[in-house]
Amino acid sequence: MNELSPAAVWPISAALVISLDDHLGPPIDSYLNGTQTWLTPIEQPSGSEDLVLEWRLHPVAKFSLPVGIRHDDLWEAVIVRLNQNEEELIIGQESRVLTSLWDGLECFPAYGEDLEPTALSLIAVDLLKIAPSALGLVDHQRIGSRWEHAQGRESITRMLLDELQPTTAPPA
């Protein structure tokens, strides 16, 4: 039986990407598939288990790297354009919009640390200054296997959102 992990998810937006850069800095790793990754250690009260959060900016389904740029230069190229308030991003030899690169951000305990989804959300909001749109428990193993089987033709963010609950209450 697969384990469920707490996760928080945000939809992609220029404000989210700028906040990531402002509060977490550049990613520690950038993958050929477009994924950008950060790790943030969280100081815990004395005697508590260490906590590290992993943040993954997930690529869109069928992601393709813009022509003329390396995967490890993508983040900086996007940040430069967003800081110039450009909606169309000239990246390498292409003009792109942000939603053609990534479709969402996920945050989860990096090493399987025991954490309630609500506690994860509170820590994440404190770090990022933006509340997630969905929160709950996900089966990372199943989602990863499904994404690999689809050879990247499905959105990881969509798969996550299918398992999570929206964080805002429906109107009364």
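What follows draws every value from the coordinates through simple rules; no lab data is involved. Only a predicted model underlies this, so the values are computations on that prediction, with no experimental measurement involved. All Cβ positions, glycine included, derive from the backbone under ideal geometry; neighbour counts span all protein chains shown.
Condition test on residue 12, is it of a type in the set (Val, Ile, Thr), buried (at least 17 other Cβ atoms within 10 Å of the Cβ) and under 16 Å from the mean Cα position of the chain (by Cα)?
yes
Taking the conditions exactly as written (over 14 Å from the mean Cα position of the chain (by Cα) and in contact (Cβ under 8 Å) with a residue 24 or more places away in the chain), does residue 148 satisfy them or not?
Here the answer is no, as residue 148 does not meet what is asked.
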